[in-house]
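Just so you know, all these numbers are worked out from the coordinates, no wet-lab data involved. Note that the structure is predicted; figures quoted are calculated from it, not measured. Cβ placement follows ideal geometry from the backbone for every residue including glycine, while neighbour counts extend to all protein chains displayed.
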Amino acid sequence: MSGICAIVHLDGAPVDRCLLARLTDSLKFRGPDRRDVWAEGPVGLGHTLLRTTFESELERQPCSLDGRVWITADARIDGWGDLKRKLEAAGRLVLDAATDADLILHAYHAWGERCVERLIGDFAFAIWDGQRRALFCARDHFGVKPFYYAQIGRTFVFSNTLNCVRGYPGVTDRLNDQAVADFLLFDTNQDPATTFFADVGRLPPAHCLTAADGKLALARYWSLPAENELLRLKPADTVAGFRELLGTAVADRLRTDRVGVSMSGGLDSASIAAVARQQLAHPSKPFDLRAHTIVYDRLIPDRERHFAGLVAAHLGIPIEFLVADDYGLYERWDQPGMQTPEPTHEPQLAISRDHLRQCAARSRVLLTGWDGDTIMNEPPWPYFAHLARGRRYGLLIADVGRLLWVKKRKIPRSIHFRARRVFGRKVRPEEAEYPVWINPEFARRLNVPARWRAGRFEPAQRHATHPKGYRWLETTPTWVDLLEGYDPGVTTILLEARHPLLDIRLVAFLLSLPPVPWWVEKYLLRTAMSGMLPKVVLTRPKEPLAGDPFLELLKGPEPQVRDVQRQSALWSSYIDPTALPNLRGERNTWNAWTNLRPISLSIWMQ
């Protein structure tokens, strides 16, 4: 998770090297291993290095292969073997010691701006092409690596760290009111191209940007396929194909011998730990792989310690627990290291921060299980509706039988109602209450109630057989917010989170499978992991926590809302303090969560 930045004067004026050095210095907290800058005429690039792979031991950026095309990148490129073969076929000589940045440069030399269509992995980078006098930038497919930018007059500035861009002279602190409204309504900014600051933009995932001829041009280079022919492979071939792709996804995200796994007692993260253990096992190469688990011992009934412990013992890896019972709401939010560049609605943020710090004490790389619930647990009803619309009744009957075989239970009584829903009539979703504490004048100015009503409905189904997975991966802003939340630019913790289940090769394969039987309660993952995990974990149903720690904390004294607010004039322009409810003893999780958003915003503004 190295720090990167760039300044480009679109009018050709020379870059202020001292200013470039100051911006780069602001990134030293996330890249302590090396700091370098490069500038020539109207462009300057900065880089601070955090070594997280074997190849990065000798890495130095900004760098160039020919002295004319330069790059600064925060990148981990996957599929090295395939990419090298394609580059060699295109006439490029790639050394075995090439770094990720070198590979991106080779790809740019071979294919120009279309190189991004051949890159996979997690990346944010900027390439200055001296011959074209153009800056080409790109961000990875799902937005794991952040990318922020601003255009101030005739100057373009970017970084993977929001506060770095905000540090450029002329970038104001003026808030983006629409983003604030979205936060108060939905927890997150719903526009992937903006930030909470009016002067700073965000490059959306799977997009590239070119600054040339005095103009900025944005383009999308990749999208999930909205339609695809389903693969109907033999069961053994399906499982083998999945195992191979999962192993490749994990292996590409290792490239180091000291790794942590954020592991609950559930199936997804346990599977990642098992595959990582398998990939790292080598008689002559020592490694340090350990699990890190958040548990509750007293506040609520919680079995994560038990199941995670079983997995760690089965794999023969150490496990460290973080006990969360004694964390309060908004604990330590006023302390260094807890502030966030943009508002976050995570009242127990201290738990996740301490979890990441625990992991970072042992390693710079953290593997996660995000997000098997999205890509391997699709409801079967849209798929059945798709078969019915296509009059494929024989296959429909066969797949209903497969569903029943997987579930090993009778058809639920609601099946006819559900069939009616997906075959025809659209059912209006239940709406939560509108937040009455939003300042009426602010609400009128931005037409907040209309945005609220529109946001309560799921978007139209855009994928016939996998609507849930497609919708979450392709259109849900919360997804990008979650991934960016791991970045050191947000956490200030030297830890790079990697998410093997979000490998686009694996995602493409999963979206090509019929949901029944493979996506029913993660049947494919349970089958593929047979023999690698304890049987009790393989057969464990997906289950929420037996209690709600959030509501348990509200049984005590009411959070001191007015003490937190300090009645800031800016905050009051968004919130009506007289309409805030009493939260003590609230028993509805959604109401409590919604009505604490003003506190989260207030603390951030302070």
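Summary table
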read-out	value
Net charge contributed by nearby residues that have their C-beta within less than 15 Å of residue 177 (K/R +1, D/E -1)	-2
Paramagnetic reach from residue 218 in the stretch 185-209 [backbone N under 19 Å; point 7 Å along Cα→Cβ]	188-209
Among 176, 196, 162 - extreme Cα towards positive end, dipole of the stretch 161-202, charges at beta-carbon	162
Selection from 294, 377, 90 lying farthest towards where the dipole of the chain points positive, charges on Cβ	377
Estimated dipole of the stretch 3-220 in Debye, rounded to 20 [Cβ of Lys and Arg +1, of Asp and Glu -1, Cα centre]	300
Where labels lie 7 Å past Cα in the beta-carbon direction, separation of residue 172 and residue 583 in nm	3.2
Cβ-Cβ FRET estimate between residue 28 and residue 590, R0 fixed at 41 Å, reported to 0.05	0.45
Segment residue 521-residue 539, extension gain: residue separation times 0.36 nm, minus the distance between their alpha carbons	5.5 nm
Sequence ranges 241-250, 73-82, ranked by mean other-Cβ count within 10 angstrom, highest first	73-82, 241-250
For the stretch 322-397, the spread of Cα positions along each principal axis, largest first, Å	62, 27, 27
Inter-site label distance for residue 68 and residue 278 at 7 Å from Cα along Cβ, in nm	4.7
Positive minus negative residues near residue 532 (Lys, Arg vs Asp, Glu; Cβ under 15 Å)	+4
Largest-first principal axis extents, alpha carbons of the stretch 464-519, Å	42, 20, 15
Fraction of beta bridges assigned by DSSP in the chain that are antiparallel (%, nearest 5)	80
Local electrostatic count, residue 361, Cβ distance below 15 Å [Lys/Arg +1, Asp/Glu -1]	+2
Point-to-point label distance, residue 320-residue 436, nm (Cα→Cβ direction, 7 Å offset)	4.8
Peptides 478-484, 198-204 ordered by average Cβ neighbours within 10 Å, highest first	198-204, 478-484
Surface/4 of the Cα convex hull for the chain, nm²	28.6
Within the chain: Cβ-based charge dipole about Cα centre, in debye rounded to nearest 20 (Lys, Arg +1; Asp, Glu -1)	2140
The chain: relative contact order in percent, alpha carbon pairs under 8 Å with at least 6 residues between	14
Translational diffusion of the stretch 3-220, µm² s⁻¹ [Kirkwood Rh, Cα pairs; Stokes-Einstein; 37 °C; 0.692 mPa s]	187
Estimated FRET transfer efficiency (residue 482, residue 288; beta-carbon r; R0 30 Å; 0.05)	0.65
